[in-house]
Each structure stands twice: as C-alpha cells, then as structure tokens.
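I have placed the structure first, in the form of structure tokens, so that the comments after it can refer back to it.
The values are calculated or read from the model by the stated rules, or taken from the named source; none is laboratory data. These numbers were taken from a predicted model, which means no experiment stands behind them. Please note: Cβ atoms are built from the backbone with ideal geometry, for glycine as well, and neighbour counts cover all protein chains shown.
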C-alpha cells in the first residue's frame, strides 16, 4: 500500500481495460456502421464523444481502439518476454557457443529498426493486429534476452545454484526453478516498460498511415483520422489522444512502482547477505 505510483497505475489501467472491454460489448452503436445523417456531431448524451466524419459513434470507436492497442502492447510483451527469457537463460547459463549464437542473432535482429520490420510485414501480409505483433517481436525479444542473460550470468555462481547442482539437479531444472524466478523481478519491470513502447510503435505507424486497416482502428489510427478535422472538430483527435495518454501513463506508473520495489528487494537481499 506504500507504493502510491504502482497502485495508482493499477487502478487507472484496470478502469481503462474495463471500459475497453465493456463499452464495445454494450454500446448501442457499432464501431464501423456509418450514418450520413449523424456526421460530425458534437458530444451529447446520445454520443458522449460525438461522431466522426462518417457518422460513427466516437465513444465506441475510442474504446475499441484502446482494446486493439492493449492487445498489441500486451501480446507483444508476452511473446517478447517468453522468447527473451528462453534465449537469455540458455545463453547466460551455458555460455560458449550457445551464448555466441544467441547474442549474434540478437545483434542481427537489432541491426534493422523495428519500424521497418512492421512496415514490410504490413505491406506483405496486410495491416492487422497479428502482423503488428509479429513485426514488433522480430527484434523486440533481443533487449529482454540481453537482460535475462546478464541476470543469469550473475546468479549462476551463487550458493543456492551450487547447492542445487550438488543435489543432482539438471541444468534445465536449475534454470527453471532457481535462476529464472530470481531474475523475474527485473524481467517483469522490463516488460512493463515494453508495453507502452509497443503501443507507441503501432501509434506512430497508424499516424503515418500504415497502421491497422479500416474499419478497425487503434488509438493511433483514430488520432490520425481526427487530425484532418482538428480545426473544425478538435474532439475527434483530442479524445483518442487523451485516452492514449492515460493508458501510457498508467503503464509507466506501474513500471516505475515495480522498479522501485525491485530495487528495494535487491537492497534488502544485499543487506541480509552482508549481515
């Protein structure tokens, strides 16, 4: 309860995720249905955020966009975390050829900007959520792998690892039951900060016009559509931009709170070890 940033971020993220799930499900309006008689309406009790230039309810579309952005961010973080954890643990524990192969693969993946991967895959496979996640994950796992590799290399000479080896534990059991749980704190913090990075990557591509294909729209695509009407109807851009900012702020607050807690736990373990 003392971590105010973490709790604030969790509450804000929970509210945003709840709205992203419930609003599209219970809204009387479709996110894609067009109505020429309702074009560019101002906010009202019927349309809380107004309507866009095609007569679609903006409130429904904003929360559908938030759901898509969250799917891209969380999906990318889950895949990159799994790949990075597996490759980093193998490279850090075994070293030698395995370490060389994994790190060179990470260098090759990082040699090309991740935005280029996403653009090329979008052009080849179409603009959808799966393509976005795949493009982000091609190089996104490398940073997590390097972090896990460093943690495993630091921990593999620890006393509890030596004790596990003396009891006859296999290398994979040592990695899975002893090394990875002790590296999980830093991994979770890293992935928490990776989620807004993935969301911003998709937002930038949508704002550049190569994002999710219509009629589906992420928050970035809604901001890109609303900029055309900025002078006459600024709400069409400002509402999705405000929700996007809230989403990123919530994730950063959670990451900052987890990072603070991880630092405190490390200091506590070092103090106990010194005593």
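Can you say whether residue 39 is farther than 19 Å from residue 195 by Cβ and either surrounded by fewer than 21 Cβ atoms within 10 Å (Cβ to Cβ) or in contact (Cβ under 8 Å) with a residue 12 or more places away in the chain (or both), as far as the supplied structure shows? Reasoning before the result, please.
Working: farther than 19 Å from residue 195 by Cβ: yes; either surrounded by fewer than 21 Cβ atoms within 10 Å (Cβ to Cβ) or in contact (Cβ under 8 Å) with a residue 12 or more places away in the chain (or both): yes.
In short, yes.
Out of 231, 273, I need the residue that is at pLDDT below 85, assigned to a loop (DSSP other than H, G, I, E, B) and surrounded by fewer than 14 Cβ atoms within 10 Å (Cβ to Cβ). Which one?
231
Quick check: anything in the stretch 224-234 within 20 Å of residue 118 (Cα to Cα) and in contact with a helix residue (DSSP H, G or I) (Cβ under 6 Å, 6 or more places away or on another chain)?
Within the stretch 224-234, one or more residues are within 20 Å of residue 118 (Cα to Cα) and in contact with a helix residue (DSSP H, G or I) (Cβ under 6 Å, 6 or more places away or on another chain).
Would you pick out the residues in the stretch 111-127 that are more than 17 Å from the chain's Cα centre (by Cα), part of a helix (DSSP H, G or I) and within 13 Å of residue 204 (Cβ to Cβ)?
116, 119, 122, listed by residue number.
Return the pairs, sorted by first residue and then second, in which the second residue is modelled with pLDDT of 80 or more and part of a helix (DSSP H, G or I), the first residue lies in the stretch 211-237 and is over 21 Å from residue 200 (Cβ atoms), the beta carbons are less than 6 Å apart, and the residues are 6+ apart or on different chains.
Matching pairs, first to second residue: 229/236.
Can you tell me which residue within the stretch 1-28, out of those that are under 28 Å from the mean Cα position of the chain (by Cα) and assigned to a loop (DSSP other than H, G, I, E, B), is modelled with the highest pLDDT?
27
Which of the following residues is touching a helix residue (DSSP H, G or I) at 6+ places or on another chain (Cβ under 7 Å) and farther than 15 Å from residue 81 by Cβ: 165, 146?
None of the others qualify; the one that does is 165.
Can you tell me how many residues in the stretch 29-80 are assigned to a helix (DSSP H, G or I) and either touching a strand residue (DSSP E or B) at 6+ places or on another chain (Cβ under 9 Å) or within 22 Å of residue 247 (Cα to Cα) (or both)? Break it down into steps so the answer makes sense when it comes.
The first filter runs over the stretch 29-80 and keeps only residues assigned to a helix (DSSP H, G or I), leaving 36-38, 58-80.
If we keep only those that are either touching a strand residue (DSSP E or B) at 6+ places or on another chain (Cβ under 9 Å) or within 22 Å of residue 247 (Cα to Cα) (or both) as well, we get 38, 58-80.
Going through the stretch 29-80 one residue at a time, the tally reaches 24.
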